[in-house]
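Structure, as structure tokens:
The values are calculated or read from the model by the stated rules, or taken from the named source; none is laboratory data. Computed from a predicted structure; not experimentally measured. We place every Cβ from the backbone using ideal geometry, glycine too, and count neighbours over all the protein chains shown. Quick note on the areas: whole protein, heavy atoms, side chains included, nothing else; ligands and nucleic acids left out. Shrake-Rupley method; radii C 1.70, N 1.55, O 1.52, S 1.80 Å.
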Amino acid sequence: MSHCLLGIDAGNTMIKAVLFDSDGQVLSVAGCAGETRQPQPGYAERPIEDVWQGVQLAVRACLQQAGHHAQRVAAVGAAGHGNGLYALDKRQQPLLGIQSIDMRAASLVSALEQQGNAELIWQRSLQKPWPAATPVLLSWLKQHDAARYARIGHILCAKDVINHFLCGAIATDYSDAAGAGLIDYARRGYSEVLMALYGLEAAMPLLPPLHESCAVVGQVTPHAASLTGLPVGIPVVAGIFDVVASAVGSGVVNCGDASIVAGTWSINQVVVEKPEYQRPVFMNSMIERDRFMAIEASATSAANLDWFVREFDDGRGGEGAVRSSDLVAQVKPDMQLPFYHPYLYSGRKAGPAKAGFYGLGGWHTRADMLFGLFEGVTFAHRAHIDRLHAAGIPFSQAILSGGAARSCVWPQMFADVLGIPIRVATCSETGALGAAICAGVGVGLWPHLAAGVAQAVRLNPGVLLPDASRHAFHATRYQMFKKLELAMDDLWHDAAINV
């Protein structure tokens with residue numbers, strides 16, 4: 001009997017467990033929605049206990065659906081949202097969980113820039129400080145909640161919390177640590193010099209041991225097995241940063257390949273041989289030992305539609321996203337359509353940008369507003385991709401994944417706005433599949449990620465080519481979108497100062 005692989009994907013809003021066969025076919029899938037707690041404006045927290053509970057429920061439901069396949073699980077791999085701050089106390093018990101859409105440390109980022117430390121941080125970590133970056137949040141906690149900071153025993157990433165629950169490991173992988181700005185690229189590891197730039201040199205012992213993404217870090221414990229239904233003793237690999245997992249799960253592993261992930265975050269990433277750019281990009285990560293991921297990203301993507309449907313839907317619940325796409329498909333291109341800035345959770349730059357509809361008239365409909373939202377999200381992706389191109393990272397096509405990839409209109413809009421061919425992965429759970437492929441490599445099913453991708457990843461037939469007239473239409477509106485953003489900048493800053 002062939003092996004099965006379990007991939008767990010923990011985003012900011014949902015934890016999913018997906019069981020795959022060795023050909024990447026989904027055998028069963030289950031999810032558990034998480035609740036973001038916002039004790040103050042700008043805060044976004046999820047207790048570690050909630051993550052564990054979500055993993056328990058999702059995995060158990062997934063395995064129950066799988067029937068006899070559940071006994072064929074060969075290994076487990078987890079992916080999780082990057083950055084944020086998850087901490088255990090000195091007895092390895094849950095202490096706090098802060099998500100990657102948290103904005104409490106925005107003023108600290110400004111201070112690092114004014115001190116000149118932001119540039120020094122970039123030189124070592126190839127990351128620019130931003131409010132929800134792990135070391136920025138840790139530094140904020142040290143300054144503003146010293147008592148809780150003193151209780152920290154271990155710093156983990158989101159997917160590391162899952163591994164600790166499953167096998168007791170205190171560990172992380174290079175992709176997550178690099179994406180969190182914790183890796184000194186000159187050393188390919190932690191460095192006291194880098195941490196000192198955040199005022200955190202004494203926090204070095206709190207950082208978890210580093211492993212390659214596919215390395216086995218433990219085995220499922222009897223306790224975890226009793227809660228999840230997993231077989232006792234199966235291997236658990238270190239896992240992978242979820243944006244890199246989504247790239248792997250959509251077939252992006254070789255230099256020059258490009259991945260666009262449109263979910264909570266606008267992820268735009270290209271595999272490169274060396275992280276040497278003409279200008280800085282937002283984030284860097286790693287794929288195996290010899291390749292890197294240049295990433296431009298912000299929390300400006302399809303989560304905007306989730307919010308719109310949640311707050312303004314007419315009560316038909318889960319049909320909302322599908323119906324929204326159907327409505328957008330009926331809208332005819334018109335320069336008088338409203339614009340939308342997709343900045344519910346952050347702007348594309350460190351700053352106080354906010355979301356908003358512009359140019360609304362009494363004749364505009366719900367469909368028109370949704371068109372503006374779809375287009376605005378796609379414009380935010382384009383702005384990031386423009387930065388990748390400006391950094392000297394060219395690519396001629398991309399693979400789209402995430403919630404927007406399941407829309408009947410959004411993938412074509414991406415092709416039209418970006419002016420490049422777009423392909424869509426067949427599997428809708430690309431993050432979980434990327435984690436599962438890591439697990440397969442870890443137990444010797446494949447020698448490396450590329451071999452796993454070759455066997456387990458498929459793309460939808462056909463390529464979505466940009467329509468020339470639509471591309472010209474969106475290009476004109478994109479320039480207006482940017483002018484609106486520039487015009488609003490002072491107001492956003494004034495509003496933030498007066499809060």
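With only alpha-carbon atoms in the gyration tensor, what are the semi-axes of the equivalent ellipsoid for region 111-169, in Å, largest first? The partial results should precede the final answer.
Numbers: eigenvalues 136, 54, 12 Å².
That gives 26, 17, 8 Å for the three semi-axes.
Jot down the per residue volume, in cubic angstrom and as a whole number, of the convex hull over the alpha-carbon atoms of region 4-238. Each step should come with its number before you reach the end.
Working: hull volume 26.0 nm³, N = 235.
Each residue corresponds to 111 Å³ of Cα convex hull volume.
So for region 148-300, what percent of the C-alpha to C-alpha distances run longer than 18 Å? Let's see the in-between values first.
Values: 7202 of 11628 pairs.
I get 62 percent for the Cα pairs in region 148-300 exceeding 18 Å.
Looking at region 251-498, what % of its DSSP beta bridges pair antiparallel, to the nearest 5?
Details: 22 of 28 bridges.
About 80 percent, rounded to the nearest 5.
For Ala146, project a label point 7 Å along Cα to C-beta. Then give me every residue of region 106-133 with its amide nitrogen under 20 Å of that point.
108
Which peptide among 403-410, 55-62 comes first, and what is the full order, when sorted by highest mean count of other Cβ atoms within 10 Å? It would help to have the intermediate numbers written out before the result.
Working: 403-410: 20.8, 55-62: 22.4.
Top of the packing list down: 55-62, 403-410.
Please work out the FRET efficiency for the pair His493 and Asp386, using the Cβ-Cβ distance as r and a Förster radius of 35 Å; give the result to the nearest 0.05.
Values: r = 23 Å, r/R0 = 0.66.
Approximately 0.95, to the nearest 0.05.
Rg/Rh for the chain: what does it come to with C-alpha atoms and Rh from Kirkwood?
On the way: Rg = 21.6 Å, Rh = 22.7 Å.
That ratio equals 0.95.
Leaving ligands, DNA and RNA out of it, report the carbon-plus-sulfur percent of the accessible area of region 251-498 at a 1.4 Å probe.
On the way: 5600 of 10270 Å².
The C+S portion of the solvent-accessible surface of region 251-498 is 55 percent.
Going down the list Lys274/Lys483; Lys159/Lys354; Lys16/Lys482; Lys90/Lys142; Lys90/Lys159; Lys128/Lys482, which pairs span over 24 Å between their C-alpha atoms? Before the final figure, lay out the partial values.
Working: Lys274/Lys483 34 Å; Lys159/Lys354 29 Å; Lys16/Lys482 36 Å; Lys90/Lys142 16 Å; Lys90/Lys159 19 Å; Lys128/Lys482 22 Å.
Where the Cα-Cα span goes over 24 Å, the pairs concerned are Lys274/Lys483; Lys159/Lys354; Lys16/Lys482.
For q values of 0.10, 0.15, 0.16, 0.19 Å⁻¹, compute log₁₀ I(q)/I(0) with the Debye formula on a Cα-only model of region 313-442, without solvent.
-0.41, -0.88, -0.98, -1.26
Compute, for the chain, the length of the dipole vector about the Cα centre, with Cβ point charges of +1 (Lys, Arg) and -1 (Asp, Glu) only. Units Debye, rounded to 20. Display every interim value, and only then the final one.
Details: 37 positive and 43 negative charges, 31 e Å.
That gives the chain a dipole magnitude of about 140 debye.
Region 59-134 to region 259-328: how many Å between their Cα centroids?
Cα centroid to Cα centroid, the span is 16 Å.
Report the convex hull volume per residue for region 251-498, counting only C-alpha atoms, in Å³. It would help to have the intermediate numbers written out before the result.
Values: hull volume 36.1 nm³, N = 248.
Here the figure is 146 Å³ per residue.
When DSSP beta bridges are limited to those with both residues in the chain, what percentage is antiparallel, rounded to the nearest 5? Spell out each step's value before the answer.
Working: 50 of 68 bridges.
Bridges in the chain are about 75 percent antiparallel.
Using a 1.4 Å probe on the protein heavy atoms, what percent of the accessible area of region 65-222 belongs to carbon and sulfur? Write out the running numbers ahead of the final one.
Numbers: 2780 of 5380 Å².
Using a 1.4 Å probe with all protein chains present, region 65-222 comes out at 52 percent carbon and sulfur.
Could you check what % of the DSSP bridge pairs in region 4-238 are antiparallel, to the nearest 5?
75 percent
Quick one: net charge around Glu192, please, counting Lys, Arg +1 and Asp, Glu -1 for every other residue with C-beta under 14 Å from its C-beta. Please report the intermediate quantities before stating the final value.
Values: positive: Arg124, Arg187; negative: Asp184, Glu201.
After counting each charged neighbour, the total is 0.
Kindly report the accessible area of region 4-238 per residue (heavy atoms of protein chains, probe 1.4 Å, no ligands, DNA or RNA), in Å². All intermediate terms of the calculation are to be shown ahead of the outcome.
Working: 8290 Å² over 235 residues.
Solvent-accessible surface per residue comes out at 35 Å².
Run the simple label-point estimate for Glu35 and Asp313 please: 7 Å along Cα→C-beta, distance reported in nm.
1.8 nm
What translational diffusion coefficient, in µm²/s and rounded to a whole number, does the Stokes-Einstein relation yield for region 246-386 at 20 °C and a viscosity of 1.002 mPa s, taking the hydrodynamic radius as the Kirkwood radius over Cα pairs? If you can, show how the numbers build up before the last one.
Details: Rh = 16.5 Å.
Diffusion coefficient, whole number: 130 µm²/s.
If you place +1 on the Cβ of every Lys and Arg and -1 on the Cβ of every Asp and Glu, how big does the dipole about the Cα centre of region 4-238 come out, in debye to the nearest 20? Spell out each step's value before the answer.
Working: 16 positive and 19 negative charges, 61 e Å.
Using only the charged Cβ atoms, the result is roughly 300 debye.
I want to check the label-to-label distance for Met204 and Ala454. Put each point 7 Å from Cα in the C-beta direction and report it in nm to one decimal.
About 4.2 nm, to one decimal.
Given a 1.4 angstrom probe, what's the average accessible area per residue across region 251-498, in square angstrom?
Details: 10270 Å² over 248 residues.
Ligands and nucleic acids excluded, the figure is 41 Å² per residue.
For the pair Arg279 and Gln93, how long in nm is the line joining their label points, each one 7 Å along Cα→Cβ?
The two pseudo-label positions are separated by 5.1 nm.
Out of Thr430, Phe481, Asn254, whose Cα points farthest toward the positive end of the dipole of region 251-498 (charges: +1 Lys, Arg; -1 Asp, Glu; placed on Cβ)?
Checking the options against the dipole of region 251-498, the answer is Asn254.
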